[in-house]
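The values are calculated or read from the model by the stated rules, or taken from the named source; none is laboratory data. Treat the numbers as computed from the prediction; the structure is a model and nothing was measured. Counting neighbours? That spans all protein chains shown, and the Cβs are built from the backbone with ideal geometry, glycine included. These area figures cover heavy atoms from the full protein model, side chains too; ligands, DNA and RNA do not enter into them. Shrake-Rupley method; radii C 1.70, N 1.55, O 1.52, S 1.80 Å.
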Amino acid sequence: KTETRPTYLSQRQRQRREGDRKRGTNSRGRSKGKGDEAMLAPQTGGHGTESRWDNAGPGQEVGSPTMAMEMQHEHQHHGPPLDQHPHPPPPPHPIVHEAVPHNVNLSDDLDIGTVRHLLSEAEMQQQQAEMHVSNSKSAVLVAQAQLDSAEAAYQETLQKHEDLKSRFRVQLMEEGLRQTSRWNDMYYKLVQWKEEHGNTLVPCESNSPADVVKLNRWVINQRSAYKYFMNGDKKHIKDHRIDALNKIGFIWSVTDYLWETNFEDLKRHHAETGTFEVVQKSNRKLSTFVSRLRTAMKNKKEGLVQQERKS
């Protein structure tokens, strides 16, 4: 037997045909014939059964999207019905609006829907950016607090290390001075000299006693050993002995000591007299110091002038 395919009619076509049936005419305005009755009559399947399209439930119209989707679902699970074509037309798809591209030029003539969509996206991006900025600021504050805490801990550790290092040097110095050695004997003689003369210069004259000459040579040797020490050669004097000499105000450079002493005397002389002129008879030592300063300054200026002439 030949199967009869179901007729797909839109709602407007069904309404028109229903009106034509009541009026007794077809869609072209003429009286309906047998062919029209056949088109309006219920169609049956190949086995004499009613078509599945006649079994539409309440609220389902023949040829409606809902009915078509149910038929497609049944076709997938139970195979195509006998009175239906193996490949029925797909159900209508909903209209999907295409996403607005991000590279839209705002200077173009855009419709209101596009502008509304762009505005919604911009507001969402603004909220995300504000949240990101807020989170970043919070992270910066936390990181700054951690940095401050780490720096404070580092400074505390550094100070603790310096204190322990200084304490260890003092203990090492005291331990070394408690030992019996020739160096310690000369050191305590120098301590006694400073208590009597107020400094550690220990000048030596031709008629000086033997113990003074001996102490003078020992002091000179300590200054020489210190120069080696500053140049990296530490085998001539040890750290704790340098600390012991610094403790009593040992003068490492006689030239620097004399210059600073004369300079302080010149400052006092200027405060008292208001001038840098020093009479040689009143203070020969200070007068010589001022004369040497002027000579050095003159030589420096002449050297600068000669250098400018050569260049």
With the requirement that a residue be surrounded by fewer than 14 Cβ atoms within 10 Å (Cβ to Cβ) and within 24 Å of Gly176 (Cα to Cα), what does the stretch 249-260 give you? Gly249
When the stretch 204-214 is checked residue by residue, the ones that are assigned to a helix (DSSP H, G or I), exposed (fewer than 13 other Cβ atoms within 10 Å of the Cβ) and either charged (D, E, K, R) or in contact with a helix residue (DSSP H, G or I) (Cβ under 8 Å, 6 or more places away or on another chain) (or both) are Asp211
Tell me, please, whether a residue that is in contact (Cβ under 8 Å) with a residue 24 or more places away in the chain, in a helix (DSSP H, G or I) and open to solvent by 80 Å² or more (accessible area, probe 1.4 Å) can be found in the stretch 121-138. no
Subset of the stretch 215-231 (residues that are open to solvent by less than 50 Å² (accessible area, probe 1.4 Å), free of Cβ contacts under 8 Å to residues at least 24 places away in the same chain and closer than 13 Å to Thr200 by Cα): Asn216
Any residue that is under 29 Å from Tyr188 (Cβ atoms) and out of contact with any helix residue (DSSP H, G or I) (no Cβ under 6 Å at 6 or more places or on another chain) - is there at least one of those in the stretch 263-286? no
State all residues of the stretch 151-190 that are of a type in the set (A, V, I, L, M, F, W, C) and in contact (Cβ under 8 Å) with a residue 24 or more places away in the chain; if no residue qualifies, say none. Val170, Leu172, Met173, Leu177, Trp183, Met186, Leu190
Given (1) at pLDDT below 90; (2) not in a helix (DSSP H, G or I), where does Leu293 come up short, assuming only one miss? (2)
Criterion first (modelled with pLDDT under 90 and in a helix (DSSP H, G or I)) does Asn299 satisfy it? yes
